[in-house]
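The values are calculated or read from the model by the stated rules, or taken from the named source; none is laboratory data. Since the structure is predicted, the reported quantities are computational estimates derived from the model, not experimental observations. Note that each Cβ is placed from the backbone with ideal geometry, even for glycine, and that neighbours are counted across all protein chains shown.
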Amino acid sequence: MKSVEITARSVEEAVNEGLEKLGATREDVEVTVLEEGSKGLFGILGSRQAKVRLELIINAKYKSQVAKNYLQEILRLMNVEADIHIDVSDEENVRLAMYGENLGLLIGRRGQTLDALQYLVSMVANREGGKWVRIIIDVEGYRSRRENTLKSLAQRLAARAVDSGRRVVLDPMTPLERRIIHTELSENPDVETHSEGREPYRRVIIVPKR
């Protein structure tokens with residue numbers, strides 16, 4: 001439900017009733033007053049009720065809830081139990097962190113299952129319209145650990161490229177992992193990076209600067 005029309009004795013009462021139905025706060029909706037309403041003579045004769053339309057604003061907070069609901073449905077179909085914590089850091093980034101027991105199957109080899117899950121959830125959340133929001137899904141801090149591992153790997157292989165004077169070819173990685181490598185070495189004055197190949201075999205190349 002993205003919008004409701006409510007009729008009540010006053011605009012304020014109609015708005016409050018609409019917020020309750022949508023499960024939203026005043027900041028989450030746009031309110032259009034369709035009819036102001038009036039009390040009439042002696043507050044009885046000729047009175048008209050107020051009518052308002054409340055429409056949810058399609059922002060990061062809204063999409064985070066869509067993403068969570070869809071993710072919960074996937075977990076239900078998989079018979080997997082997990083707590084999902086939402087972090088909306090800004091209007092461009094949403095993080096869903098899952099915690100529970102035996103969640104390794106949600107990660108998969110090198111996070112491939114997690115990446116696929118993240119892609120699906122992101123597509124569902126962003127088809128609601130509005131500004132595109134980056135959806136990140138994590139399991140028990142896996143992405144943070146993996147990011148730290150990749151950063152260390154990037155620095156180590158960059159040093160190897162400089163010492164040997166030859167380019168270093170990394171194993172195939174997901175777009176997100178390649179981005180971490182590129183970003184980590186973007187300010188390294190001794191090397192430059194680029195990607196080669198086609199998915200899913202696309203990989204990062206570290207080249208020493210001459």
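Before moving on, here are some points about what is shown:
- Unique residue being touching a strand residue (DSSP E or B) at 6+ places or on another chain (Cβ under 9 Å), outside the structural domain of residue 177 (by TED's automatic domain parsing) and among the aromatic types (Phe, Trp, Tyr) when the list is 70, 99: 99
- Selection from the range 69-87 of residues that are part of a loop (DSSP other than H, G, I, E, B), of a type outside the set (Val, Ile, Thr) and surrounded by 14 or more Cβ atoms within 10 Å (Cβ to Cβ): 82
- For beta carbons closer than 6 Å, sequence separation of 6+ or different chains, a first residue in the range 108-136 that is more than 17 Å from residue 72 (Cβ to Cβ) and of a type in the set (A, V, I, L, M) and a second that is assigned to a helix (DSSP H, G or I) and modelled with pLDDT of 90 or more, the qualifying pairs are 133/60; 133/63.
- Taken as a whole, the structure leaves residue 57 outside the set of residues that are within 21 Å of the chain's Cα centre (by Cα), within 25 Å of residue 125 (Cβ to Cβ) and at pLDDT 85 or above.
- The residue list 39, 51 contains one member that is at pLDDT below 80 and over 30 Å from residue 121 (Cα atoms), which is 39.
- Lone qualifier among 177, 192 - being surrounded by 16 or more Cβ atoms within 10 Å (Cβ to Cβ) and assigned to a strand (DSSP E or B): 192
- Residue match in the range 19-34 (condition: part of a helix (DSSP H, G or I), touching a residue at least 24 places away in the same chain (Cβ under 8 Å) and under 16 Å from the mean Cα position of the chain (by Cα)): no
- If the condition is being of a type outside the set (A, V, I, L, M), more than 14 Å from the chain's Cα centre (by Cα), assigned to a helix (DSSP H, G or I) and surrounded by 14 or more Cβ atoms within 10 Å (Cβ to Cβ), then the range 103-142 contributes 110, 111, 113, 142.
- Of all the criteria given as (1) more than 22 Å from residue 119 (Cα to Cα); (2) touching a residue at least 12 places away in the same chain (Cβ under 8 Å), the one not satisfied by residue 163 is (2).
- Among the residues making up the range 1-29, those that are surrounded by fewer than 13 Cβ atoms within 10 Å (Cβ to Cβ) and either under 19 Å from residue 66 (Cβ atoms) or in the same structural domain as residue 128 (by TED's automatic domain parsing) (or both) are 1, 21, 23, 25, 27.
- Some residue of the range 88-102 being in a helix (DSSP H, G or I), surrounded by fewer than 16 Cβ atoms within 10 Å (Cβ to Cβ) and touching a residue at least 40 places away in the same chain (Cβ under 8 Å): no
- Note on the range 156-174: residues that are surrounded by fewer than 12 Cβ atoms within 10 Å (Cβ to Cβ) and in a helix (DSSP H, G or I) total 3.
- Of all residues assigned to the range 57-66, at least one qualifies as being among the basic types (Lys, Arg), within 30 Å of residue 34 (Cβ to Cβ) and free of Cβ contacts under 8 Å to residues at least 60 places away in the same chain.
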